Amino acid sequence: MSDKKEKTRFSDAELEEFRILIEDKIKEAKIDLELLNNELSHKDNHGTDDTGRSFNMMEDGASTFSREMTAQKAARQDKFIVSLENALMRIKNKTYGVCRVTGKLINKRRLMLVPHATLSIEAKNQQQS
């Protein structure tokens, strides 16, 4: 009678695979964040200086809304980078991929899609109900 022991952590080879994936995602996310920050730091005029006052007011409102949306995207991107960097720390500590609620390994396919996940689907569903 052989009891198959449930895996409690990913192998070093699997952790290395995740580390490479996460480092690539961090590079991409930092490029995106830099683009967003550049967009925020440059006030585009679009050549509306000589147009009517009411048009400029509408343009200013749209511009403010656009800047707020860009700022929100930048904040989300920054949070994403921090989450990925935390995942790298968990890889280093060999605790990566362990659900913080159930203590079981998170499905590998889920981690390939959401490499910063800290909850299994089971725990996520419990959280939502």
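The values are calculated or read from the model by the stated rules, or taken from the named source; none is laboratory data. Only a predicted model underlies this, so the values are computations on that prediction, with no experimental measurement involved. Cβ atoms come from the backbone with ideal geometry, glycine included; neighbour counts cover every protein chain shown.
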Residues satisfying the stated conditions in the range 98-129, i.e. in contact with a Lys or Arg (Cβ under 7 Å, 6 or more places away or on another chain) and either of a type outside the set (S, T, Y) or within 23 Å of A29 (Cβ to Cβ) (or both): V98, L105, P115, A117, T118, L119, I121
Test: residue in the range 54-73 that is farther than 23 Å from E17 by Cβ, surrounded by 12 or more Cβ atoms within 10 Å (Cβ to Cβ), of a type outside the set (D, E) and modelled with pLDDT of 95 or more: yes
Among residues of the range 80-105, those that are assigned to a loop (DSSP other than H, G, I, E, B) and under 17 Å from E16 (Cβ atoms), counted: 5
Odd one out for K7 among (1) more than 28 Å from I91 (Cα to Cα); (2) at pLDDT below 85; (3) surrounded by 10 or more Cβ atoms within 10 Å (Cβ to Cβ): (1)
All positions within the range 98-129 that are surrounded by 12 or more Cβ atoms within 10 Å (Cβ to Cβ), more than 15 Å from L88 (Cα to Cα) and among the aliphatic types (A, V, I, L, M): V101, L105, I106, L119, I121, A123
Filter result (in a helix (DSSP H, G or I), among the basic types (K, R) and in contact (Cβ under 8 Å) with a residue 12 or more places away in the chain) within the range 8-45: R19, K25, K30
